[in-house]
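The values are calculated or read from the model by the stated rules, or taken from the named source; none is laboratory data. Since we're looking at a predicted model, the values are computed, not measured. Here the Cβ positions follow ideal geometry from the backbone for every residue, glycine too, while neighbour counts run over all protein chains shown. Note: accessible area is taken over every heavy atom of the protein model, side chains too, but ligands, DNA and RNA are not part of it. Shrake-Rupley method; radii C 1.70, N 1.55, O 1.52, S 1.80 Å.
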Amino acid sequence: MQAVFRRHGTLAATVLGDGNLGEHYGAGLTEREVRYLVDNEWAQSAEDVLWRRTKAGLHLDARARERVAAAIGR
């Protein structure tokens, strides 16, 4: 969760929502954060989430990146 606070600052509570974080992909990236980025910040693809908005792609292996892509469905 610390990564969410670093990435989103005062919006962290909004990103975390009710605390149901869903799947954890690694590097502090959770299904809940991915959903938030798609729904509220118009992230269009896994690359958008992993490289432009969070930089989590730097710390995830190929399998984790594929799971993020599958979760986004694009």
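Is it true that E23 is touching a Gly at 6+ places or on another chain (Cβ under 6 Å) and in contact (Cβ under 8 Å) with a residue 24 or more places away in the chain? The answer is no for E23. Going residue by residue through the range 36-48, is there one that turns out to be touching a residue at least 40 places away in the same chain (Cβ under 8 Å) and closer than 17 Å to M1 by Cα? No, there is no match, as no residue in the range 36-48 is touching a residue at least 40 places away in the same chain (Cβ under 8 Å) and closer than 17 Å to M1 by Cα. Taken over the range 3-17, residues that are in contact (Cβ under 8 Å) with a residue 24 or more places away in the chain and more than 12 Å from L37 (Cα to Cα) amount to 1. Taking the range 55-74 as the range and being of a type in the set (D, E) and either open to solvent by less than 100 Å² (accessible area, probe 1.4 Å) or touching a residue at least 24 places away in the same chain (Cβ under 8 Å) (or both) as the test, only D61 passes. Taken over the range 16-54, the criterion of being at positive phi, in a loop (DSSP other than H, G, I, E, B) and surrounded by 14 or more Cβ atoms within 10 Å (Cβ to Cβ) is satisfied by A27, G28.
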